[in-house]
Structures are given as structure tokens and as C-alpha cells.
1. Is it fair to say residue 29 is without any contact (Cβ under 8 Å) to a residue 40 or more places away in the chain, hydrophobic (A, V, I, L, M, F, W, C) and either buried (at least 19 other Cβ atoms within 10 Å of the Cβ) or more than 23 Å from residue 128 (Cα to Cα) (or both)?
2. Please indicate, with yes or no, whether at least one residue in segment 62-69 is out of contact with any helix residue (DSSP H, G or I) (no Cβ under 8 Å at 6 or more places or on another chain), under 17 Å from residue 128 (Cβ atoms) and part of a helix (DSSP H, G or I).
3. For the subset of segment 99-153 comprising residues that are in a loop (DSSP other than H, G, I, E, B) and touching a Lys or Arg at 6+ places or on another chain (Cβ under 8 Å), which member is modelled with the lowest pLDDT?
4. Does segment 4-26 contain any residue that is part of a loop (DSSP other than H, G, I, E, B), within 27 Å of residue 140 (Cβ to Cβ) and either among the β-branched types (Val, Ile, Thr) or at pLDDT 95 or above (or both)?
5. Hey, can you tell me all the residues within segment 76-98 that are of a type in the set (S, T, N, Q), assigned to a loop (DSSP other than H, G, I, E, B), out of contact with any Gly (no Cβ under 9 Å at 6 or more places or on another chain) and farther than 14 Å from residue 132 by Cβ?
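The values are calculated or read from the model by the stated rules, or taken from the named source; none is laboratory data. These figures come from a predicted structure and were not determined experimentally. Cβ placement follows ideal geometry from the backbone for every residue including glycine, while neighbour counts extend to all protein chains displayed.
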Amino acid sequence: MNPIEHLWDIIERCYSHVGKTGGEQPVSLGQGCGYMGTVIHEFAHALGFFHEQNRSDRDEWLTIFWDNIKEGMADQFMKLKPDQNQLLAPFDYDSIMLYGSYTFSKDRRNLMTMVGKDNRKLKDVINKYFMSKSDILRIKKLYNCEDYVYKGQ
């Protein structure tokens with residue numbers, strides 16, 4: 001098993017490669033990344049999760065406002081090809097992997113980058129504190145442990 005290396009950067013950057021890369025795998029949690037939701041989000045990338053807004057079927061669930069996205073950040077909203085993502089569960093508005101409506105906005109106070117098709121505002125990752133039931137189901141499917149039931153302490 002390859003260990004995941006946990007790095008604290010001095011820059012404001014939160015990132016991880018998606019899935020196992022071989023050897024030590026950096027999970028960067030720089031300044032501004034110390035929120036529970038952000039930490040879980042980045043470790044979920046290391047476990048193999050892409051963003052929910054990148055799903056190949058996302059247009060059924062989200063409206064993206066391309067003109068409101070900061071320059072250089074549009075890649076955070078690009079759809080994956082169907083063979084690039086694993087849709088192990090239905091689209092999930094509560095997923096730890098779904099950005100908020102103002103993430104990477106040119107103007108976080110006034111311009112949304114995306115909303116649900118039903119016009120719902122999306123909760124920012126920093127305001128999420130745990131994985132959704134769907135996120136947990138995906139981990140169980142991805143790692144072939146669907147029969148596991150957490151019994152508590």
C-alpha cells in the first residue's frame with residue numbers, strides 16, 4: 001500500500017491528485033485549507049474522487065455560469081468524458097466533492113459560478129463537515145467493501 005503524505009504548505013493551496021499515483025502522494029493543505037470540509041474533500045481526491053460538478057451527467061443537475069468564473073479556473077468546471085469518471089451513485093447535491101455556488105467566482109458576493117437546475121444555491125465545501133451518504137456509498141463500491149457496516153465505538 002502506498003502511503004498518503006500529508007503536507008502543510010505555506011501557500012494558500014489545497015490540492016491532491018485523484019487516485020493513487022504511486023509512492024508518496026502529496027495531499028496539500030496550505031493556509032486557508034484547515035476547514036473540515038476542505039480536508040475531507042482533498043483526501044477524497046486521494047481516494048479516487050473527482051468533483052461532482054465534473055461528472056459527465058452534470059448538465060442534468062447543474063447550470064454553469066461560465067462568464068462568472070475567474071480566469072484560469074474554468075478547468076474546475078469541465079465535464080469528464082463518460083469513460084473518465086465512475087458514476088457509482090446518483091448525482092448528489094450534498095457531496096463533499098461539489099463546490100459551492102460562488103466557488104472561483106470573479107465576484108464572490110454577487111456572481112454565482114453554478115446553481116442546481118432547480119435554482120438551488122450550493123453549499124460551499126468549507127461549510128460541509130462530513131461526507132454525504134452517497135459519498136460513503138461510493139467509497140464502499142470503489143473499494144469493494146459494500147458489506148461493511150460501521151458499528152460505532
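1. yes
2. Within segment 62-69, the subset out of contact with any helix residue (DSSP H, G or I) (no Cβ under 8 Å at 6 or more places or on another chain) is 63, 65, 67-68.
Adding the requirement that they be under 17 Å from residue 128 (Cβ atoms) leaves none.
Checked against the condition, which is being out of contact with any helix residue (DSSP H, G or I) (no Cβ under 8 Å at 6 or more places or on another chain), under 17 Å from residue 128 (Cβ atoms) and part of a helix (DSSP H, G or I), segment 62-69 yields no hits at all.
3. Of the residues in segment 99-153, the ones in a loop (DSSP other than H, G, I, E, B) are 99-104, 106-113, 117-124, 128-132, 143-153.
Next, from what is left, pick out any that are touching a Lys or Arg at 6+ places or on another chain (Cβ under 8 Å): 100-102, 104, 106, 112, 146, 148.
Numbers: 100: 98, 101: 98, 102: 98, 104: 97, 106: 98, 112: 98, 146: 81, 148: 74.
The qualifying residue modelled with the lowest pLDDT is 148.
4. Yes, some residue in segment 4-26 is part of a loop (DSSP other than H, G, I, E, B), within 27 Å of residue 140 (Cβ to Cβ) and either among the β-branched types (Val, Ile, Thr) or at pLDDT 95 or above (or both).
5. Kept after step one, since they are of a type in the set (S, T, N, Q), are these residues of segment 76-98: 76, 84-86, 95.
Within this subset, residues satisfying the condition of being assigned to a loop (DSSP other than H, G, I, E, B) are 84-86, 95.
Cutting the leftovers down to out of contact with any Gly (no Cβ under 9 Å at 6 or more places or on another chain) gives us 84-85, 95.
Selection gives 84, 85.
Yes or no, residue by residue, for (1) in contact with a Pro (Cβ under 8 Å, 6 or more places away or on another chain); (2) under 30 Å from residue 21 (Cβ atoms); (3) free of Cβ contacts under 8 Å to residues at least 40 places away in the same chain; (4) among the small types (Gly, Ala, Ser):
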site	(1), (2), (3), (4)
43	no, yes, yes, no
72	no, yes, yes, yes
90	no, yes, no, no
128	no, yes, no, no
